[in-house]
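The values are calculated or read from the model by the stated rules, or taken from the named source; none is laboratory data. This structure is a prediction, so every number in the text was calculated from the model and none was measured. Don't worry about glycine lacking a Cβ; one is built from the backbone with ideal geometry, like all the others, and counts go over all protein chains shown.
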Amino acid sequence: MIAGFPTRFDLVSIVRFIDLIFIDIKAIFFMKNILILSTFLFIATTYSEKAQAQNVAKSLCEYVSADDKSRLRSYLKSHKLKIRNVFDGVQCNGQNLVAFASTNNAIKTGTLMLGKLPKATVEDLLATITSPELTAAAKQRING
């Protein structure tokens with residue numbers, strides 16, 4: 001045996017120790033990659049939801065302003081949305097959708113929305129409606 005030279009047993013122990021370190025390093029890189037990937041996916045989905053919500057609001061406002069009932073209806077259907085679910089979250093020029101329709105004299109889209117909203121919501125909206133046609137439609141919806 002040469003002084004300072006490891007024996008076979010010592011070499012085996014060293015190799016096992018290096019293997020364990022290598023396995024730990026691989027596990028750390030794997031966990032790091034998973035953490036980075038999950039963070040990226042979370043940010044991507046959060047951003048896309050916000051962007052999509054802004055696009056939905058913009059499209060709804062455009063269709064109401066143009067009084068395009070068929071495009072409004074097909075847009076809602078293609079995105080699997082309901083007026084009663086998105087109504088509270090969408091504002092056009094600082095107004096709710098029905099008040100915006102009333103301001104733009106969009107009778108067709110305003111009547112469509114009044115027919116899809118709950119009666120209690122329509123009662124609350126009655127004060128914001130300036131158009132006589134939409135006021136009549138809202139009163140008819142409330143009274144049945």
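Please work out if T109 is under 16 Å from V86 (Cα atoms) and crowded, with 21+ Cβ neighbours inside 10 Å.
Details: under 16 Å from V86 (Cα atoms): yes; crowded, with 21+ Cβ neighbours inside 10 Å: yes.
Spelling it out, T109 is indeed under 16 Å from V86 (Cα atoms) and crowded, with 21+ Cβ neighbours inside 10 Å.
Filter the stretch 44-68 for residues that are modelled with pLDDT of 90 or more and either in a helix (DSSP H, G or I) or of a type in the set (S, T, N, Q) (or both); which is surrounded by the fewest Cβ atoms within 10 Å (Cβ to Cβ)? Filtering the stretch 44-68 for residues that are modelled with pLDDT of 90 or more and either in a helix (DSSP H, G or I) or of a type in the set (S, T, N, Q) (or both), the one surrounded by the fewest Cβ atoms within 10 Å (Cβ to Cβ) comes out as K58.
For the stretch 13-35, the criterion of a residue being out of contact with any Pro (no Cβ under 8 Å at 6 or more places or on another chain), exposed (fewer than 10 other Cβ atoms within 10 Å of the Cβ), of a type outside the set (D, E, K, R) and at pLDDT 75 or above is satisfied by no position.
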